[in-house]
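Trainee: Dumping the structure here so I can ask a few things about it.
Only the coordinates and a few stated rules stand behind these numbers; no lab work does. Computed from a predicted model, the values in this text were never measured in an experiment. Every residue, glycine as well, gets a Cβ built from its backbone with ideal geometry; the counts of neighbours run over all protein chains shown.
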Amino acid sequence: MEKQQENGLLFIFTVSLIATLGSLYYSEIKGFTPCTLCWYQRILMYPLVLISGIAIVQKNARIALTTAVFSIIGAGTSLYHYSIQKLSFLQSTAPACGNVPCTGQYVNYLGFITIPFMALIAFLLIFITSLFLWKQVKGVSVK
């Protein structure tokens, strides 16, 4: 395996681990109850830690397609969640999210950085890295 591929896998692992630990910090330490859309994002992010961790140990960059699929679905979910938080015309059509409204914003750093925004950035970083890995893997001939 090339060094670039190893670095790509390590980057995916690091981003997904930071996102996972961040979500656990907000819910378990800060006491913020996740809404339904937050749970969907967690369902897509948490496995990426294990998937990319195993891929690092196995030196298997072919996992890039799997991480790309998880991350693009997660990015779509995050983008929708962020949109219903920030765009007033979407807030009225937002789904009921149980005890916590999906339009709620526990954090709002600099006036635009919310938890779904942070998840969106993480998913996009993973997706872009996965695409680069996938391109490299497809360029390598399989015997």
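Trainee: Could you give me the percent of Cα pairs per 10 Å distance bin for the chain, shortest bin first, beginning at zero and ending with the bin that holds the maximum distance?
Mentor: 12, 40, 28, 15, 5, 0
Trainee: If every alpha-carbon in segment 79-118 counts as one equal scatterer, what log10 I(q)/I(0) does Debye give at q = 0.22, 0.27, 0.29 1/Å?
Mentor: The computed values of log10 I(q)/I(0) come out as -0.65, -0.94, -1.04.
Trainee: Related question: Considering only DSSP states other than H, G, I, E and B, which trypsin sites (Lys or Arg not before Pro) in segment 1-81 qualify as loop sites with at most 11 other Cβ atoms within 10 Å? Could the numbers behind the result be given before it?
Mentor: Working: sites: K3, K30, R42, K59, R62; in loops: K30, K59.
Answer in residue order: K30, K59.
Trainee: Once Rh for segment 64-143 is found with the Kirkwood sum over Cα pairs, what is the Stokes-Einstein diffusion coefficient at 20 °C and 1.002 mPa s, in µm²/s? Before the final figure, lay out the partial values.
Mentor: Working: Rh = 14.2 Å.
Diffusion coefficient, whole number: 151 µm²/s.
Trainee: Using 7 Å Cα-to-Cβ label points, what is the V107/N60 separation (nm, one decimal)?
Mentor: 3.3 nm
Trainee: List the relative contact order of segment 3-139 as a percent without decimals, with contacts defined as Cα pairs under 8 Å and 6+ residues apart. Walk me through the numbers on the way to the answer.
Mentor: Numbers: 168 pairs, mean separation 48.0, N = 137.
Relative CO of segment 3-139 lands at 35 percent.
Trainee: Using a Gaussian network model of the chain with C-alpha springs under 10 Å, which one of A61, A122, A75 is most mobile by mean-square fluctuation?
Mentor: A61
Trainee: Follow-up question, since we're still on this one. Quick one: putting +1 on the C-beta of Lys and Arg, -1 on the C-beta of Asp and Glu, what dipole do you get for the chain around its Cα centre, in Debye to the nearest 20?
Mentor: That gives a dipole near 360 debye.
Trainee: Could I ask something else about it? If you take the charge dipole of segment 3-139 about its Cα centre, with +1 on Lys and Arg Cβ and -1 on Asp and Glu Cβ, which of H81, I54, M118 is farthest toward its positive end?
Mentor: So the residue furthest toward the plus end is I54.
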